[in-house]
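The values are calculated or read from the model by the stated rules, or taken from the named source; none is laboratory data. All figures in this text were calculated on a predicted structure; none of them were measured in a lab. All Cβ positions, glycine included, derive from the backbone under ideal geometry; neighbour counts span all protein chains shown. In case anyone asks, the SASA skips ligands and DNA or RNA and just uses the protein heavy atoms, side chains included. Shrake-Rupley method; radii C 1.70, N 1.55, O 1.52, S 1.80 Å.
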Amino acid sequence: MTLLWVKVGGLWPVNTGGRIRSFHILSELSRHHQVTLLTTHGPGDDPQGLAVALPRCEVTSVPWSLAKRGSARFVLALLRSWLSPLPVDLYKCAVPALRREVARRLAAGGIDLVVADFLAAAPNVSLDGPAPVVLFAHNVEHVIWRRLSEVEPRTWRRFLLQLETRKMLGYEVQACRGARLTIAVSDADCRRLALATPDARVCAVPTGVDTAYFTPDGTREAPSRLVFTGAMDWYPNEDGIAHFIEAILPRVRRDVPDAILTVVGRNPSPRLLAVPTTVGVRVTGLVDDVRPYMAESAVYVVPLRVGGGTRLKIFEALAMAKAVVSTAVGAEGLPLVSGKHFLRADDPDGFARAVVSLLRDPARRRALGAAGRRLVEERYSWVKVAGEFETRCEEVLAHAR
């Protein structure tokens, strides 16, 4: 196949869950097919490094940066989006230079299939153009916005989030209908999209993990150390960790006074950086390698209340044979059994009890970690995941022909 892969927001460095998923699938697809990647890069991205990391792909990147919350550009985009059918999150991701390049490539011919990577790519792709489009839906976006509105305490802001939720749902339905196939990242997401858009073709391809990179290395655990890893400029991560620090960690430290949470991830907010270390929190910011922080910790926590798609961070923790405690939202869409692969807890008391129980029981931690490692080794390597994605693309192309 000759594939045109369109991604807003760059891919290198590979430092977020979405980038990890896209990068590994692209890398595997390019072993067998001719792949052109059209993407964007901002101040922190490295398009040259991306081209080196994907030597079998043609990589074209146009300069663009996302308007940050609170900036003049964001406010202008918000105001303009009110006059547009696009919700503000997608309005900001309409990149004229990228859309022109996509149109130019399609007009030149020779493209078998277009992959719109994330819903944010869809405004830059003609869904009824000369080549069939596959929408790669890493999240069910309207569900994220609905959940944001549900945990928002301020009435005026909750009202605005509800408006954005309706617009996001409308566009998500339109995009799924326009695409020849929508690929979700879990069965749960597949069901949600199919329910919202019953006349669209939707399937699921699971998430994966690099089981050679994330692997137990024999590091001795610090018996009272907890860890969370993830981009801290993604609101669901910040919300979950703030909730953990305020509502769960004090309960843990009542029973395990020397418990410490290490938060590893780029761009922690001033709110998080202001948390004193005396309450048992260590914030690293961006690090070159998250594995040492994971390896030294006894329990990996995922206290998310908002989110969509699937959390690669849990698969990474399981690949390192770590004991995981997660909310239902955190583990959503993953083929995990609570009590076998991880412990599920959704309220602050229950989450704290689960963490404390594991801190006090090394044998239980080892059993959960070993079961998780076996699961990802057997079923969720990137080679297997990319093979499923490839098969789905080939089916779309065969049907189109």
Scope the stretch 75-123; condition touching a Pro at 6+ places or on another chain (Cβ under 9 Å), within 14 Å of Trp64 (Cα to Cα) and open to solvent by 60 Å² or more (accessible area, probe 1.4 Å); matching residues: Tyr91, Arg99
Leading residue by the ranking (nearest to the chain's Cα centre (by Cα)) among those in the stretch 175-200 that are assigned to a helix (DSSP H, G or I) and touching a residue at least 60 places away in the same chain (Cβ under 8 Å): Asp189
Any hit, the stretch 248-257, residues being assigned to a loop (DSSP other than H, G, I, E, B) and closer than 15 Å to Val355 by Cα: yes
Test for Phe136: is it on the phi > 0 side of the Ramachandran plot and surrounded by 19 or more Cβ atoms within 10 Å (Cβ to Cβ): no
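Going through the stretch 41-59 one residue at a time, which ones are more than 19 Å from Ala94 (Cβ to Cβ), crowded, with 18+ Cβ neighbours inside 10 Å and not β-branched (Val, Ile, Thr)?
The initial filter retains those residues of the stretch 41-59 that are more than 19 Å from Ala94 (Cβ to Cβ), namely 43-44, 46-59.
Retained after the next criterion (residues that are crowded, with 18+ Cβ neighbours inside 10 Å): 47, 50, 54, 57, 59.
Once the filter is applied, which keeps residues that are more than 19 Å from Ala94 (Cβ to Cβ), crowded, with 18+ Cβ neighbours inside 10 Å and not β-branched (Val, Ile, Thr), the stretch 41-59 yields Pro47, Leu50, Leu54, Cys57.
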Considering residues of the stretch 284-300 that are touching a residue at least 60 places away in the same chain (Cβ under 8 Å) and open to solvent by 10 Å² or more (accessible area, probe 1.4 Å) only, the residue nearest to Val227 (Cα to Cα): Tyr293
Residue identified as hydroxyl-bearing (Ser, Thr, Tyr) and part of a helix (DSSP H, G or I) among Ser61, Ser22: Ser22
Checking Ser338 against (1) over 14 Å from Phe228 (Cβ atoms); (2) surrounded by 21 or more Cβ atoms within 10 Å (Cβ to Cβ); (3) touching a strand residue (DSSP E or B) at 6+ places or on another chain (Cβ under 8 Å); (4) at pLDDT 95 or above, the condition it does not meet: (2)
Of all residues in the stretch 60-71 being open to solvent by less than 50 Å² (accessible area, probe 1.4 Å) and within 22 Å of the chain's Cα centre (by Cα), the one that is modelled with the lowest pLDDT: Ala67
Any hit, the stretch 216-235, residues being under 14 Å from His138 (Cβ atoms) and aliphatic (A, V, I, L, M): yes
Breaking point among (1) out of contact with any strand residue (DSSP E or B) (no Cβ under 9 Å at 6 or more places or on another chain); (2) open to solvent by 20 Å² or more (accessible area, probe 1.4 Å), for Asp187: (1)
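Only residues that are hydrophobic (A, V, I, L, M, F, W, C) and touching a residue at least 60 places away in the same chain (Cβ under 8 Å): list them for the stretch 66-102, please.
Looking only at the stretch 66-102, we keep the residues that are hydrophobic (A, V, I, L, M, F, W, C), and these are 66-67, 72, 74-79, 82-83, 86, 88, 90, 93-95, 97-98, 102.
Within the stretch 66-102, Leu86, Val88, Leu90, Cys93, Val95, Leu98, Val102 meet the criteria.
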Per-region count, the stretch 332-343, residues assigned to a strand (DSSP E or B) and in contact with a helix residue (DSSP H, G or I) (Cβ under 8 Å, 6 or more places away or on another chain): 2
Selected residue (criterion: most open to solvent (accessible area, probe 1.4 Å)) from residues of the stretch 219-233 that are in a strand (DSSP E or B) and not β-branched (Val, Ile, Thr): Pro223
Where Ser269 falls short, out of the listed (1) under 30 Å from Asp361 (Cα atoms); (2) hydroxyl-bearing (Ser, Thr, Tyr); (3) surrounded by fewer than 24 Cβ atoms within 10 Å (Cβ to Cβ): (1)
Checklist (1) closer than 27 Å to Val263 by Cβ; (2) in a helix (DSSP H, G or I); (3) of a type outside the set (Lys, Arg); (4) modelled with pLDDT of 95 or more applied to Glu390, failing item: (1)
Filter result for the condition that a residue is modelled with pLDDT under 95 and of a type in the set (Lys, Arg), over Arg157, Arg104: Arg157
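Looking at the stretch 383-401, which of the residues that are among the basic types (Lys, Arg) and more than 15 Å from Phe136 (Cβ to Cβ) is most open to solvent (accessible area, probe 1.4 Å)? So that I can check it myself, show each step before the final result.
So the first thing to find is which residues in the stretch 383-401 are among the basic types (Lys, Arg), and the list is 384, 392, 401.
Right, trim to more than 15 Å from Phe136 (Cβ to Cβ) and you get 384, 401.
Values: Lys384: 99, Arg401: 194 Å².
Among those that are among the basic types (Lys, Arg) and more than 15 Å from Phe136 (Cβ to Cβ), it is Arg401.
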Options Val376, Val324, Val329; residue that is touching a helix residue (DSSP H, G or I) at 6+ places or on another chain (Cβ under 8 Å), assigned to a strand (DSSP E or B) and either open to solvent by 20 Å² or more (accessible area, probe 1.4 Å) or closer than 25 Å to Asp187 by Cβ (or both): Val324
For Pro303: the one exception among (1) at pLDDT 95 or above; (2) open to solvent by 10 Å² or more (accessible area, probe 1.4 Å): (2)
Single condition Pro276 does not satisfy, out of (1) surrounded by 14 or more Cβ atoms within 10 Å (Cβ to Cβ); (2) at pLDDT below 95: (1)
Residue identified as hydrophobic (A, V, I, L, M, F, W, C), closer than 30 Å to Phe228 by Cβ and surrounded by 14 or more Cβ atoms within 10 Å (Cβ to Cβ) among Leu26, Leu38, Leu3: Leu26
